Amino acid sequence: AISGPRVKSGSQLQREILERKKFRSQLEALSREEGLAPEVATQKATRYLKEIAANMNFEVLLIFSRMLGFFFRRIFNGVEVDQVGMRRVKEAARLSRSAPLILVPSHKSHIDYLVVSWVFMNYEFIPPHIAAGRNMSFFPVGTLFRRSGAFFLRRSFAGLPFYKFAFKNYLWKLVREGYPVEFFMEGGRSRTGKLLPPKMGILSMLLEGIRDGEFKDLQFIPINISYERVLETGSYRHELTGGQKEVESFAGVVKAGRVFRARHGRAYVNFSEPVRLSEYLERFEINDLKTLDADGFRAATRRISYHLMRQIHEATVVAPSALVGAVLLSHHRRGISGPRLRELVGFLVSLLNRRKARL
């Protein structure tokens, strides 16, 4: 049994957004501001909502989950899930009617969102709706991802007021419905394993939703996804040595079949403590986002974003391959003896234990 709110089709969600009185009045005001006829503005908003919206389907999700189980068993030696952290997520989910869940994972690989959805399905949670880049909406992968809960956004909203308006209202609709929503604070994948500085666009929209009375509170779930070996190691090496980033395509998916030829160690999914937004803001004596001016709102958004990134970082797992790699890269010679390697790794382990790192 999967617990969570009732799943609505993409077309139903779009229709309910377009029929909402508040949405229509704000769209009309925006059309006047942009000098467009109301019917043209409605056509634009409808087209953009269709471009953005997910179309989650449980039959597809169940089949996809089984496929992912086979895929992960084939390429990994195991997917280790933080059991204590998952129990905390389940406790937070009980409060999701008053404070919906917002998942903020680290982003090192294209399969990050597959891993999170697969874990949620295996623990009998409704999978999250995932904010994915429009570059991933190519056929036929885009159709499968939409049916699995992905909704797509453009890299930039600049000069697209109706697109931004449609996206924001779609995001707010998902949260009001009580669906877990997942987005990557880093914006793109880290090529080095180190967390990237946060992008604040979606977070800012979520805080705007609270300020505008769309919902009252949120619970952020920081997640760290670590791999002993990232699937995209080859392409990352190519990019980091000056090569051009390849555009995602179906041909690239076919080529990715090569990942089945090798094992990639273990994958680790770890959860930090849930961050209840209202409680976090109270620590800084911010009881109502409506009282903040534009600068104060930006400062609050920035503070929250860096706090969440710190929480993601705290949930990092130090894998054996990372320990060996750290020793080899810091050694002054090209080779190292077995006893010396074990000695230095042992030193790092004792240091990490004192820092209460996750091993």
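The values are calculated or read from the model by the stated rules, or taken from the named source; none is laboratory data. This structure is a prediction, so every number in the text was calculated from the model and none was measured. A quick note on method: Cβ atoms are made from the backbone with ideal geometry, for glycine too, and the neighbour counts reach across all protein chains shown. The accessibility values were calculated without ligands, DNA or RNA, using every heavy atom of the protein model including side chains. Shrake-Rupley method; radii C 1.70, N 1.55, O 1.52, S 1.80 Å.
Computed quantities for the displayed model
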item: Translational D in µm²/s for the stretch 154-213 (Stokes-Einstein at 20 °C, 1.002 mPa s, Kirkwood Rh from C-alpha pairs); result: 165 µm²/s
item: Rg and Dmax [Cα atoms of the stretch 174-319; Å; Rg one decimal, Dmax integer]; result: 18.6, 57
item: Karplus-derived 3J(HN,Hα), 6.51/-1.76/1.60, for each residue of the stretch 127-136, Hz, glycine and proline x; result: x, x, 7, 10, 6, 10, x, 5, 5, 9
item: Cα gyration tensor, the stretch 236-359 - rounded (a/c under 1.5), prolate or oblate; result: oblate
item: Volume per residue of the C-alpha convex hull in the stretch 137-247, rounded to whole Å³; result: 154 Å³
item: Partner aspartates and glutamates for Lys245 [C-alpha distance under 16 Å; skip if fewer than 8 residues away on the same chain]; result: Glu232
item: Prolate/oblate/rounded call for the stretch 137-181, Cα gyration tensor, a/c under 1.5 rounded; result: oblate
item: Using alpha-carbon coordinates, inclination of helix 83-93 to the longest axis of the chain, degrees; result: 10 degrees
item: Accessible area per residue, Å², the chain with all protein chains present, probe 1.4 Å; result: 53 Å²
item: Over 28 Å between alpha carbons, listed pairs Lys50/Lys199; Lys108/Lys290; Lys90/Lys216; Lys21/Lys90; result: Lys108/Lys290; Lys21/Lys90
item: Estimated Rh, the stretch 57-156: Kirkwood, alpha-carbon pairs, angstrom; result: 14.7 Å
item: Cα long-axis angle, helix 201-211 against the chain (0 to 90 degrees, to the nearest 10); result: 50 degrees
item: Shape of the stretch 63-222, Cα gyration tensor, a/c cut at 1.5; result: oblate
item: Rounded D (µm²/s) - the chain, Kirkwood Rh over Cα pairs, Stokes-Einstein at 20 °C, 1.002 mPa s; result: 97 µm²/s
item: Share of carbon and sulfur in the accessible heavy-atom surface of the chain [1.4 Å probe, %]; result: 53 percent
item: Cα-based Rg / Dmax (Å) for the stretch 37-114; result: 18.5, 58
item: Listed peptides 158-168, 17-27 by packing density, highest first (mean Cβ within 10 Å); result: 158-168, 17-27
item: Between helix 294-314 and the chain: long-axis angle, C-alpha atoms, 0 to 90°, nearest 10; result: 30 degrees
